[in-house]
Amino acid sequence: MDMEENKSALPTNEEEKKNNGHSRKKSDASVMSNDVNNEDDDDGDEEEEDEKDAVILGPVVGLKEQLEKDKDDESLRRWKESLLANVDLSEVGENPDPEVKILDLTIETPDRAELILPIPFEGGSKTPAFVLKDGSKYRLKFNITVSNNIVSGLRYTNTVWKKQIRVDYKKVMLGTFSPQKESYVIELQEETTPSGFLARGNYTAKTKFVDDDGKCYLEMDYTFDIKKEWPH
């Protein structure tokens, strides 16, 4: 199986201005691709790639200080104000670091009721966090909160192994998010699990959420199963 890397550049200021609402964002990602084989890939490359993708943006400053510094740049000021339209600056602290919490994962499929899994998953890395039926359509949704400051270039990566062989790797640029009281729902594109006898079994996976500075907000190891039928 050719490993596909879903990757996009950060949106420009003008693109961000046109897309101020982040309550629902769709991206290309999946727990598993549609095909599985035994082709071995270098399973440590993604760590180096994440480090290379980190952008040195200079010292991080608080929101109030950012707006003060940008007051003479009307275009930049308006863009940031549009991002912060729903933020009460009186409630923003002086901590310049954004805080991102990934609260839960929802698995949607037309074949059964949606499954909501609090993060981190219960049961540890050796107990399957969930079961998917082979050949079934599914969609992943993450519920996240952002506070303190704007998080720039948040991206999602997911690596999957079967019997210590890497069978899938995805990297998805999710975008830039402003702090707000309400949570964001990150909705990924619908995918289809691989089907057939060879596709069934236990898989291990690692999920990460990292921003443009290389700051990691979640690194989670877990396992899941693909079976012939949905669990009862």
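Tabulated data for the structure shown
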{"item": "Strands (runs of 3 or more DSSP E) fully within the range 143-224 counting 1 or more residues that are small (Gly, Ala, Ser), touching a Ser or Thr at 6+ places or on another chain (Cβ under 7 Å) and closer than 16 Å to Val131 by Cα", "result": "201-210"}
{"item": "Residues that are buried (at least 16 other Cβ atoms within 10 Å of the Cβ) and over 19 Å from Arg112 (Cβ atoms), drawn from the range 184-198", "result": "Tyr184, Ile186"}
{"item": "Members of the range 173-232 that are within 29 Å of Val100 (Cβ to Cβ) and of a type in the set (Lys, Arg)", "result": "Lys181, Lys206, Lys208, Lys215"}
{"item": "One residue from Gly175, Gly153, Gly135 being touching a residue at least 12 places away in the same chain (Cβ under 8 Å) and open to solvent by 10 Å² or more (accessible area, probe 1.4 Å)", "result": "Gly135"}
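The values are calculated or read from the model by the stated rules, or taken from the named source; none is laboratory data. Small disclaimer: the values here were computed from a predicted structure and weren't measured. Please note: Cβ atoms are built from the backbone with ideal geometry, for glycine as well, and neighbour counts cover all protein chains shown. With ligands, DNA and RNA removed, areas are computed over all heavy atoms of the protein, side chains included. Shrake-Rupley method; radii C 1.70, N 1.55, O 1.52, S 1.80 Å.
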